[in-house]
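One structure is given here, and the rest of the page talks about it.
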Amino acid sequence: MIVFVGYWFIRLLGPTLRVSVSYEEGAQKALDECPLVASFWHECMIPATYLFRDMGIRVMSSFSYDGEYMGRIIRRFGFVAVKGSSSRNPIRALLGLRRALEEGWTVAFTLDGPRGPRRKVKPGPVGLARSSGLAMTMFHAAVEKAWVLRSWDRMMIPKPFSRVLVRVGKLIQVPPHASEQELERYTAELQSSLDRVCAFAEANVSKAGTPEFPWYKRGA
């Protein structure tokens, strides 16, 4: 019942959202050309599930109660859930994601999931980018009008017909022979990049649909 209701809620809500997409310099061309290691905050799960549906994206899914049901819901939207988290079976999950990248699929992390702390980067994407040789990117989906849950992540449930601005960040390339000290620096860079795209999207979401940020249509 949870999966059924969750799926149909997102399926019916999604088409009402008025979405614009904005890219930092160099991000749009790269997204069209190659698989990437993508990161976003857990609070964006609902709009992201609809916006990036049916693209075969591989997503790390936790073993927690809510992670299990969210994994079942996103599978109905064309995502592939790879089991694991930062606390349970992380090596198995990272190997699964590495295999997906080798097969040409983009992988995505809800970086502060499954239990927080909120908006705090974990090292998984940086290590995966180093081992795979593929670049990292990040995005944030700001919602103008939403119900915000009193959960650790402040999950956003967009209200029907709300404006949404997705800001996609520029790519970060991690050298294959980066040292542990350098990995810490790239993790800090990923944190600052997510903070930056988040601040931009939230500051400009009211401009979605204007000439500055025109409406976005899949396939257009």
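Scanning the stretch 191-209 for residues that are under 14 Å from Leu111 (Cα atoms) and hydrophobic (A, V, I, L, M, F, W, C) turns up Leu194, Cys198.
Among the residues of the stretch 147-190, those that are assigned to a helix (DSSP H, G or I), open to solvent by less than 60 Å² (accessible area, probe 1.4 Å) and touching a strand residue (DSSP E or B) at 6+ places or on another chain (Cβ under 9 Å) comprise Tyr186, Leu190.
Residues in the stretch 1-30 that are among the aliphatic types (A, V, I, L, M) and in contact with a strand residue (DSSP E or B) (Cβ under 7 Å, 6 or more places away or on another chain): 5 in all. For the stretch 191-220, the tally of residues that are part of a helix (DSSP H, G or I), under 19 Å from the mean Cα position of the chain (by Cα) and over 17 Å from Cys44 (Cα atoms) stands at 1. Among the residues of the stretch 35-47, none qualifies, meaning not one is without any contact (Cβ under 8 Å) to a residue 60 or more places away in the chain, closer than 28 Å to Pro211 by Cα and of a type outside the set (Ser, Thr, Tyr). If the condition is being farther than 16 Å from Tyr216 by Cβ, of a type in the set (A, V, I, L, M, F, W, C) and crowded, with 22+ Cβ neighbours inside 10 Å, then the stretch 6-44 contributes Leu36, Val37, Ala38, Phe40, Trp41.
Contact list please: Cβ distance under 9 Å, first residue in the stretch 1-20 and over 8 Å from Tyr50 (Cβ atoms), second residue of a type in the set (S, T, N, Q) and in a strand (DSSP E or B), pairs at least six apart or on different chains. Sorted first by the residue in the stretch 1-20, then by its partner, the pairs are Ser20/Thr210.
Does Ala129 count as of a type outside the set (Ser, Thr, Tyr), within 18 Å of the chain's Cα centre (by Cα) and within 27 Å of Ile10 (Cα to Cα)? No; evaluated as a whole, the condition is false for this residue. Within the stretch 86-112, the set of residues being open to solvent by 10 Å² or more (accessible area, probe 1.4 Å), over 14 Å from Ile57 (Cα atoms) and either of a type outside the set (A, V, I, L, M, F, W, C) or at pLDDT below 80 (or both) comprises Ser86, Ser87, Arg88, Asn89, Pro90, Ile91, Arg92.
The values are calculated or read from the model by the stated rules, or taken from the named source; none is laboratory data. No experiment lies behind these values; they were computed from the predicted model shown. Reconstructed Cβ throughout: ideal geometry from the backbone, glycine too, with neighbour counts over all protein chains shown. Heads up: the accessible areas ignore ligands, DNA and RNA and are worked out on the full protein's heavy atoms, side chains in. Shrake-Rupley method; radii C 1.70, N 1.55, O 1.52, S 1.80 Å.
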